[in-house]
Amino acid sequence: MGGAERGLVDLVFDTNMVAPVGPAVDRFERELEAYTGIAHAAALSSGTAALHLAMILAGVEAGDEVWGPSLTFMGGVSGLVQRGAVPVFFDNAEGSWGLDPALLECELSSAKRGGRLPKAVIATDLYGQSCDLDALLSVTAAYGVPLVTDSAEALGTLYKGRHAGKGALMAALSFNGNKIITTSGGGALLSDDEALVARARFLATQARDPAPYYQHSTLGYNYRLSGVCAAIGSGQMQVLDQRIAQRRQLYSDYQALLADAPVSFLPEQPDGRETHWLSVAFLDQHEPEALRQALEADNIEARPVWKPMHMQPLFAQARFVSRRAVGANLAVCEDQFARGICLPSCSQLVAEESRDFDRVAEALTQFFG
Ligand SMILES: *Cc1c(COP(=O)(O)O)cnc(C)c1O
């Protein structure tokens, strides 16, 4: 927490506005709009809920295909699966965390020839790095396919000077406990299209028709964010820029510390500002699992990179599209999973009063000798 949250939560209690409607929710939504520059935001109970609604709003129905990156978190995929849609998973572009626009273009062109375009494309902004949004937008627009961004890990990430997801049909954010700021749990759906966000709010509030009694003409959900959580979010917005600075600092501290170790990092994308929500390193000589266990022995938590969706038991039947995975070659995202490790990335690690970074640095130095 940053400090202002408790006072804002007190205000919610004092005014008895704890429900998922009211001034605290409105305020948080306006703050998200102002910060991202995306015109409309609906505060929701999770990023997963936001992406589920995005699939409904994109018109995704049972049997449709939805395309997206294989290297992502399940919360970005479960919404389309709940729709009964068929996921097709794509490899990342070399040297990035994001969907490969050229690969997507190639596949869209053959899908068009086959008369079976996807209903939507979801692009993920992974680990605080934006996807190549303009390239993906121009490719998808050429085929009339809507593009949604899963920006759950990218609040505060800039792409060519604008916020991640700005320009996509819809963008989803998450305020889960592990994200760069948190409402304890929560999310948001953002769009420049006011009607889409209004529809998202309607669906998130049980799709109640405008009638004095409870009447439903369509299936809705209970997906709104409570006033208490929204107040926490408003407090967190006050420290967001500080958190971004801390995560960026941490990333460059790791790079400096490991400059001579057999370790590499992805270069920053040109024209962007990455938040480095998580600091991810690639090991050139060691098993990430060996490092993870060595840190664990010191009571320091590190984690593997997201396991690609096409390698998940749940998606054993799904199609995976890659230009690299030929014969014994690993696909880009398979290699990222095989060699990557998410180093401890809490903003607090670099806070002045904390000695934790020194402790992590010591353990890493020992591991790499
Ligand atoms: C966290 C996350 C989500 C889901 O957000 P929740 O608020 O936890 O439901 C979706 N996609 C990605 C890439 C995420 O990291």
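In the range 85-106, what residues are buried (at least 18 other Cβ atoms within 10 Å of the Cβ) and either over 18 Å from the mean Cα position of the chain (by Cα) or part of a helix (DSSP H, G or I) (or both)? Hits for the range 85-106 are A85, V86, V88, P101, L103, L104. Counting only residues that are within 16 Å of the ligand (Cβ to nearest atom) and either of a type in the set (V, I, T) or within 19 Å of A164 (Cα to Cα) (or both), the range 223-232 holds 1 of them.
Condition check ((1) of a type in the set (D, E); (2) closer than 17 Å to A204 by Cβ; (3) away from the ligand (no atom under 12 Å from the Cβ)) across all residues:
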| position | (1), (2), (3) |
| --- | --- |
| F28 | no, yes, yes |
| E31 | yes, no, yes |
| A34 | no, no, yes |
| G37 | no, no, yes |
| L44 | no, yes, no |
| T48 | no, yes, no |
| I56 | no, yes, yes |
| E61 | yes, no, yes |
| E65 | yes, no, yes |
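Within the range 177-193, being among the polar types (S, T, N, Q) and either crowded, with 22+ Cβ neighbours inside 10 Å or more than 12 Å from the ligand (Cβ to nearest atom) (or both) holds for T183, S191. Candidates are the residues of the range 111-132 that are of a type in the set (D, E, K, R) and farther than 27 Å from Q336 by Cα; the one that is nearest to the ligand (Cβ to nearest atom) is K119.
Under 19 Å from the mean Cα position of the chain (by Cα) and either within 16 Å of the ligand (Cβ to nearest atom) or among the acidic types (D, E) (or both), is that true of D298? Answer is no for this residue. Within the set A154, A135, A172, the sole residue that is within 16 Å of the ligand (Cβ to nearest atom), touching a helix residue (DSSP H, G or I) at 6+ places or on another chain (Cβ under 9 Å) and outside any loop (DSSP other than H, G, I, E, B) turns out to be A172. Among the residues of the range 24-46, those identified as crowded, with 16+ Cβ neighbours inside 10 Å and outside any helix (DSSP H, G or I) are I38, H40, A41, A42, A43, L44, S45, S46. Scan the range 285-301 for residues that are at pLDDT 95 or above and within 21 Å of P267 (Cα to Cα) and the total you get is 1. Got at least one residue in the range 234-255 being within 26 Å of L133 (Cβ to Cβ), surrounded by fewer than 20 Cβ atoms within 10 Å (Cβ to Cβ), of a type in the set (A, V, I, L, M) and at pLDDT below 95? The answer is no; no qualifying residue exists. Scanning the range 1-12 for residues that are in contact (Cβ under 8 Å) with a residue 60 or more places away in the chain and assigned to a helix (DSSP H, G or I) yields a total of 7. For the range 194-222, the set of residues classified as part of a loop (DSSP other than H, G, I, E, B) and within 16 Å of the ligand (Cβ to nearest atom) consists of Y221 only. Any chance the range 114-127 includes a residue that's part of a loop (DSSP other than H, G, I, E, B), out of contact with any helix residue (DSSP H, G or I) (no Cβ under 7 Å at 6 or more places or on another chain) and under 18 Å from E268 (Cβ atoms)? Taking every residue of the range 114-127 in turn, at least one turns out to be part of a loop (DSSP other than H, G, I, E, B), out of contact with any helix residue (DSSP H, G or I) (no Cβ under 7 Å at 6 or more places or on another chain) and under 18 Å from E268 (Cβ atoms).
Can you tell me how many residues within the range 47-62 are surrounded by 24 or more Cβ atoms within 10 Å (Cβ to Cβ), of a type in the set (A, V, I, L, M) and assigned to a helix (DSSP H, G or I)? The number of residues fulfilling the criteria is 6. Total residues in the range 194-215 satisfying the condition of being in contact with a helix residue (DSSP H, G or I) (Cβ under 7 Å, 6 or more places away or on another chain) and buried (at least 24 other Cβ atoms within 10 Å of the Cβ): the figure is 2. Applying the condition of being assigned to a loop (DSSP other than H, G, I, E, B) and more than 10 Å from the ligand (Cβ to nearest atom) to the range 67-84 and asking which residue is surrounded by the most Cβ atoms within 10 Å (Cβ to Cβ) yields S70.
The values are calculated or read from the model by the stated rules, or taken from the named source; none is laboratory data. Model, not experiment: these values are computed from the prediction. Here the Cβ is made from the backbone with ideal geometry for all residues, glycine too, and neighbour counts use every protein chain on show.
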